[in-house]
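Report on the structure given below.
The values are calculated or read from the model by the stated rules, or taken from the named source; none is laboratory data. Just so it is clear, the model here is predicted, and its values are computed rather than measured. Note that we place each Cβ from the backbone using ideal geometry, even for glycine, and neighbour counts take in every protein chain shown.
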Amino acid sequence: MNIFYDENMPFAAEFFADLGILTPFSGRSLSANDVSDADVLLVRSITKVNEALLNENTQLSFVGTATIGVDHIDQGYLAHRNINFNSAPGCNAISVAEYVLSAMVVLAERYLLTLSGLTVGIIGAGNTGSRLSEKLTALNIAHVLCDPILAENSTDERCFVTLEQALSCDVISLHVPLTREGEHPTYHLLDADRLSQLNESQILINACRGEVIDNQALLKMKQAGHPLKLVLDVWEAEPNILTPLIEYCEITTAHIAGYSLEGKARGTEMLYRALCQQLNISPNKHLSGFLPTPQVDSVEIKQEFDEILLNQMVKMVYDVRRDDAIFRQQINIQGFDHIRKSYPTRREFSSISVGLNNVSSLDVIHQLGFNKKLG
């Protein structure tokens, strides 16, 4: 069995080595000829899987994307070909939530804001929005959820607000899939009209899909002097992004919010298990067996938990300013895809065990995602 996989899928060789002949590829440049004899195709979000890519292949039986989003996959075409398709919903949800929290911590420090005094509008309450909600709840930060599709689902008992209500919060964080059709399309969800309704004190964070915001309208608004604070991890027309927008952003990154080692590797593991199920074999490999020990794996804290300590702990694991600096320095030299491909290892809060004398504070730390230190 010929298994073709994106070279940026961590531990792909380790997970799939026993299942077939492995061939890594560069996700952006993959061609129909490259995958003409693939039985299994494993991609990430930069590879469009459609008839144009697969028209020379007659034997493909499994396509998997190690990502939450699936807008790069022509699922109708795969179904027509009877090719099994699997994605990795929720694999990097924690990573994206921690990216947003790091951005909030950085901007709170930069502008002398009190996090507990802010309101956050989470637009999109699926896996990622839910993980962010859990972390904000642990920190007692007021927030609302906006998700019209889930709001119409009678089995979801959470309270939802309208888009207008979510857009009135101090911080707006976008976590929706990219859709162009249906009752609630998200393409240019924030168009010129909705952007113009945002006020000077708000923070807008986009870590889902670039096309959810009209980037040209956003640039025009910023060039006109609107002081909206921007955090952009995703951009329209990646990798050929609207570079003049960069200078108007507080934090800019190259679509890496979900790029923690754990987040990317969970996607690999989920596809491994899905392929094992299709092949009717028992999976015998686990992510925990491949993750390396982090440089700092445990800390002992002697003080009460407060926003200063939160600032220190978040930055100890992930300081988004590192990725912002890399992006600004390299985007016009190395390019968007190079920044993603050479992304330095980043871990999640769960990689660190925390010891804390105060039991209630330790519970908060644990709810944020850090492990409790035993003993």
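Brief remarks follow.
- Helices (runs of 4 or more DSSP H) fully within the range 1-95 that include at least 2 residues being small (G, A, S) and closer than 27 Å to T179 by Cβ: 75-80.
- Checklist (1) closer than 23 Å to L362 by Cβ; (2) without any contact (Cβ under 8 Å) to a residue 60 or more places away in the chain; (3) in a helix (DSSP H, G or I) applied to E98, failing item: (2)
- One residue stands out in the range 311-320 among those that are surrounded by 14 or more Cβ atoms within 10 Å (Cβ to Cβ) and not polar (S, T, N, Q): the one that is farthest from Y111 (Cα to Cα), namely V317.
- Test: residue in the range 266-276 that is surrounded by 15 or more Cβ atoms within 10 Å (Cβ to Cβ), modelled with pLDDT of 95 or more and in contact with an Asp or Glu (Cβ under 9 Å, 6 or more places away or on another chain): yes
- If the condition is being in contact (Cβ under 8 Å) with a residue 12 or more places away in the chain and over 17 Å from N8 (Cβ atoms), then the range 328-346 contributes R328, I331, N332.
- Restricting the range 198-226 to residues that are assigned to a strand (DSSP E or B) and touching an Asp or Glu at 6+ places or on another chain (Cβ under 7 Å), the residue that is farthest from H72 (Cα to Cα): I203
- Conditions (1) in contact with a Leu (Cβ under 6 Å, 6 or more places away or on another chain); (2) hydrophobic (A, V, I, L, M, F, W, C); (3) under 22 Å from R340 (Cβ atoms); (4) surrounded by fewer than 20 Cβ atoms within 10 Å (Cβ to Cβ); number of the one not met by M221: (3)
One line per residue, one yes/no per condition, for (1) free of Cβ contacts under 8 Å to residues at least 60 places away in the same chain; (2) not assigned by TED's automatic domain parsing to the domain that holds R346:
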| site | (1), (2) |
| --- | --- |
| N280 | yes, yes |
| P283 | yes, yes |
| D306 | yes, no |
| L310 | no, no |
| K315 | no, no |
| V320 | no, no |
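- Entry remark, the range 338-375: residues being in a helix (DSSP H, G or I) and out of contact with any helix residue (DSSP H, G or I) (no Cβ under 9 Å at 6 or more places or on another chain) number 5 in total.
- In the range 152-199, the qualifying residues are those that are among the polar types (S, T, N, Q) and touching a helix residue (DSSP H, G or I) at 6+ places or on another chain (Cβ under 9 Å), and the one that is surrounded by the most Cβ atoms within 10 Å (Cβ to Cβ) is S173.
The rows are residues; the columns are (1) among the charged types (D, E, K, R); (2) buried (at least 21 other Cβ atoms within 10 Å of the Cβ).
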site	(1), (2)
N2	no, no
I21	no, no
D34	yes, no
I46	no, yes
Q59	no, no
F62	no, yes
Y99	no, yes
A108	no, no
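- Here the strands (runs of 3 or more DSSP E) wholly within the range 103-197 that include at least 1 residues being within 22 Å of L232 (Cα to Cα) and among the small types (G, A, S) are 119-123, 171-174.
- Qualifying position, being closer than 22 Å to S87 by Cβ and loosely packed, with under 14 Cβ neighbours inside 10 Å, among I308, I281: I281
- When each of L60, L19 is tested for being farther than 30 Å from V231 by Cα, in contact (Cβ under 8 Å) with a residue 60 or more places away in the chain and more than 25 Å from the chain's Cα centre (by Cα), the lone residue that passes is L19.
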